[in-house]
Amino acid sequence: MAETLQFPTGHVRLGSNAGQPITRRDGALKVTGAATYAADNRPDGLLYAVYAASSIARGRVTHLDVAAAKAHPGVVEVMTTANRPPLARDPDAKVHMFSWRLEALQDDRVRYAGQPVAVVIASTLEAATEGARLLAPRYESEAPRTGLDDGEAFAPEAVGVGAPPSFDKGDVEAGLEAAAHRVETQYETPAQYHNALEPHAIVAAWEGDHLTVDVPNQAIAIARNDFASFFGIPPENVTLRSPFIGGGFGSKAILNGPQILCILAARMTGQPVKLVLTRQQMFGPVGHRGATRQALRIGTDADGRLTALEHRASAMTSRFDDFLEPAANASQNIYATPAMRQIHTGVRADIGTPGPMRAPGEASGSAALECAMDEAAEALGIDPLEFRLINYAETDPASGKPFSSKALRQCYAEGAKRFGWAGRPLAPRQMRDDAGHLVGWGVGTAMFPAPMFQAKARAVVREDGSGLVEISAVEMGQGALTALAQIAADGLGIDQDRLEFRAGNSELPDGGVAGGSGHTATAGSAIFAAGSDAIRKLADIATEDEASPLFGAGNAGVVARGGRLYRADDETRSASYSDIMARAGLAEIEGEGTGARNPANAEDYAMFSHGAVFAEVKVDPELCQIRVSRLVGAFAAGRIINPRLAESQLTGGMIWGIGFALHEETVLDPRTGRPVNGDFAGYHIPVNADAPSVEALLVGEDDPYVNALGVKGVGEIGITGTVGAIANAVRHATGVRVGRFPIHIGALLG
Amino acid sequence: MTLTLTLTVNGERREVPLDDARPTLLDVLRERIGLTGTKKGCDRGQCGACTVLVDGRRMNACLTLAMSVDGAEITTIEGLAENGALHPVQAAFVENDAFQCGFCTPGQIMSAVGLIAEGEAGDDPERIREGMSGNLCRCAAYPGIAKAVADAQKRLADNERKSA
Ligand code: FES
Ligand code: FES
């Protein structure tokens, strides 16, 4: 492992392929309909499963009309709690950090609306759908708890995935006491649903004791082990194929009940079974961003420097499991302050368990923090950008460690310049456009951790000079198949056109988790190390071969480029990979690599991506309709492997910020506990016309500590900063500060 | 009950035996004919992922009972590229990075082809964005989509001028 942490000291360098804005390698597949997603699989003998979902949120199922469902033509089987085959693992067991309790017909309890209560398996989708309807469940129902106010509060042991629920530094009360200005404020964020455009889907097929699942999955190796443990088979008996994911955003990193039910259905019937959630069923068993209520207290001295920052968050979870949005933690690492405190409480209600959704914690927490910071700037009468610069953190405010790199100052400067921030009037309601609409400008700081996980990869140089790299990495739209292939090609010192890149399958070396914005860093490091390993072997052969122009150069004396090895001291002397291998009589040379963070660097440095987002909104003065007319973000995230794709990730995240700020919210009917807007007609996400001008600037950053590639991540940071910037712009346009997301017209009509 | 549905899909005439009048055009394309390029994002006409051309007009295949378009000409995403060359809209989507996960993309592209053919939007970015707003993209590839449609519109108009 030490070896992989020290590259690139070998023969290969990033830069021939990595860093280029090439178009997506899977582009042609995606624009012709040839990219296959899980639900596109149609094995012979396929049956269709549709589940009936509970229409109550709390109680018991007392009756299902199984006979009616079975009598429907085409229905093959009905699975209920009465005949569900046994599982080797308790669906309510917490086996590891990423296991959620799930519903797989283990009993007749209903824990939330939308929970699967029975499964109908039929020869056609239409028959299964009708069969499920005919089940007409009856219930013994209890009054559900649905909100932050009627839920049951508790002190959590952890928030997010294993993070401490509270943090303290310095004396917050003393800091507030001594402050010249104090702001106390509160923000609420609603339940939001990932709603990837691809609904959760699975096709399961058994062959004896071997299970093949086509299922979109962001954590292939973990999922394979989990599926194996549910069915009491060794992990190698599970083949999980996830070549393309139609959007994940965190929801496809966690196993869910319907997946287990589909695999059970396949076992029961002895035939392959497909189960695809309806859009309405996406609001229940497959996770969401939990609602929060956040209270902040900020103290500043007369010059605008923070004296204390306190961030408290109540976060909602289900009655039976514990994921809590770690919202307050978003204020730990961003602004310099002598005293800070973050505290979380949990609130239980009769809802499906929340889970990680794009920037879990950071998105909700940043929304509240950036608004509160604006309130503090306003109390001081200081420009909000100036106020953020006054409180610029040169070292990590929570740990005191230096940042591995931090080009946030440049982000503020470049973003402000591009946006035209200078000359912004301090007071609200000062600007109008030609149509008479109120215009407002707001800013927010973007920040997201730069984690690494663990991954392995395999690289091969072939006798024709081409390369192959294998890793169970995950393409979910972020561009893994392209960016990782660029790294892979550089790792092997070849052109990316000469590279075959295999990913998205559990038979390949473990590519780790595509989440936490750490996939490119982690999988990329493993891939680069594997390539360097193969080239080191190739160089050994070449430099020891008397017939080679490289003979005697010594292993360290050659560099690889474009499928050739060159003498470092005399580039006129070189040999192609294929010549070297032909002379040695080798068909393939294989290398292996792992990716993980250097523990010493992890100990010594705080590692984050940063950015600054500027928003312009226009508000109709009569109707109070809000439009985000412009967004400009400037982001620093280490080395960018593919600027074209990175920009898409960032602008996509920023548009999620528009959705968070203005559109997205799930409303539960307090009587039934059911979402009243559980589909795309009711749950609004931004459409094309909502994002007329969104721009992401990339600010260069050279980070020698984060990993040897210098890569951080860009998948989630775009949403942070943006939500606050938009809310602050709304305040600047209208003079109204809205304490609840999404900001609705009604709140402005006042 | 046995019905025969006749469709011309991407230029190829197909007879699809149906034992059931319920299947939508989307489910017939995907599950019975096996053209899975067209996607199902909501099955309720709310997302546009299932957009296909029916007799040249864009339609949500999920809202269309297959039997109701018996005899129609259907164009799906699989029918756009000719002799291995991408349709100008497809090429513009690749060049402008007008997608991420790709799941909404077949619907976006069919919608764009329809929009351009309707000739309503021209190269006006605002009208393009408006005209493409029935197609949701959760990855929010909207800036690229809007650029790609404008690009393709120009390219197609140029081609037409040249051939005229
Ligand atoms: S699947 Fe037809 S509009 Fe969504
Ligand atoms: S590209 Fe993913 S939904 Fe549009």
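Counting 0.36 nm for each residue step from A:Glu394 to A:His96 and taking away their Cα separation leaves a gain of 103.6 nm.
Take each residue of peptide A:644-652, count the partner chain Cβ atoms within 10 Å of its Cβ, and average: the result is 4. Projecting the Cα positions of A:Met340, A:Ala118, A:Ser242 onto the charge dipole of the protein assembly as shown (unit charges on Cβ atoms of Lys, Arg, Asp and Glu, taken about the Cα centre) puts A:Ala118 furthest along the positive direction.
Here is the list for the stretch B:96-164: GluC sites (Glu not before Pro) lying in DSSP coil, each with at most 13 other C-beta atoms within 10 angstrom of its C-beta, are B:Glu120. For the stretch A:1-160, the Cβ-based charge dipole about the Cα centre amounts to some 440 debye (Lys, Arg positive; Asp, Glu negative; other atoms uncharged).
How high is the relative contact order of chain A, in percent, counting Cα pairs under 8 Å that sit 6 or more residues apart?
Over chain A, the number comes to 17 percent.
Take the Cα of A:Glu386, go 7 Å toward its beta carbon, and the backbone nitrogen atoms of the stretch A:297-335 under 18 Å from that spot belong to A:300-306.
The calculated Kirkwood hydrodynamic radius for the stretch A:455-596 is 15.0 Å, given to one decimal from all distinct C-alpha pairs.
Seen from A:Ala136, the other residues with C-beta closer than 14 Å to its C-beta sum to a net charge of +1, counting Lys and Arg as +1 and Asp and Glu as -1. Placing unit charges on the Cβ atoms of the charged side chains and taking the dipole of the stretch A:513-609 about its Cα centre, the candidate lying farthest along the positive direction among A:Tyr577, A:Ala521, A:Ser609 is A:Ser609. For the stretch B:88-159, the alpha carbon convex hull comes to 68 Å³ per residue, rounded to a whole number. Principal axis extents of the Cα atoms in the stretch A:251-336, from largest to smallest and rounded to whole angstrom, are 73, 23, 21.
Distance distribution note for the protein assembly as shown: the fraction of Cα pairs above 50 angstrom is 19%. Spin-label pair A:Asp209-A:Thr36: with each label point 7 Å from Cα along the Cα-Cβ axis, the two points sit 2.8 nm from one another.
Taking every C-alpha pair closer than 8 Å and separated by at least 6 residues, the mean separation divided by the residue count of chain B gives a relative contact order of 22 percent. Expressed in units of 2.2 N^0.38 Å, where N is the residue count, the Cα radius of gyration of the stretch A:149-269 is 1.62. Scanning chain A for GluC sites (Glu not before Pro) lying in DSSP loops with no more than 15 further Cβ atoms inside 10 Å, the longest uninterrupted stretch between such sites is A:158-393. Ordering A:Ser404, A:Ser648 by the number of other Cβ atoms within 10 Å of each residue's own Cβ, fewest first, gives A:Ser404, A:Ser648. Each Lys and Arg contributes +1 and each Asp and Glu -1, all at the Cβ; summed about the Cα centre of the protein assembly as shown, the dipole is approximately 980 debye.
The ranking of B:Cys137, A:Cys624, B:Cys42 by Cβ neighbour count inside 10 Å, starting from the fewest, reads A:Cys624, B:Cys42, B:Cys137.
Contour minus end-to-end for A:Ala379 and A:Ala435, with contour as 0.36 nm per residue of separation and end-to-end as the Cα-Cα distance? Don't skip to the end; give the middle numbers.
Working: separation 56, 0.36 × 56 = 20.16 nm, distance 3.10 nm.
Stretched out fully, the A:Ala379 to A:Ala435 stretch lengthens by 17.1 nm.
With r defined as the distance between the Cβ atoms of B:Asp158 and B:Thr6 and R0 fixed at 35 Å, what FRET efficiency is calculated, to the nearest 0.05? So, using R0 = 35 Å, E works out to roughly 0.40.
In debye, nearest 20: dipole of the stretch B:3-79 around its Cα centre with unit charges on the Cβ of K, R (+) and D, E (-)? Please list the in-between numbers first.
Working: 10 positive and 11 negative charges, 62 e Å.
So the dipole magnitude of the stretch B:3-79 works out to roughly 300 debye.
Convex hull volume of the Cα atoms of the stretch A:201-281, normalised per residue: 86 Å³.
Every number here is computed from the coordinates shown, using simple stated rules; none is lab data. Keep in mind it's a predicted model, so treat the numbers as computed, not measured. Positions of Cβ are backbone-derived with ideal geometry, glycine not excepted, and every protein chain shown enters the neighbour counts.
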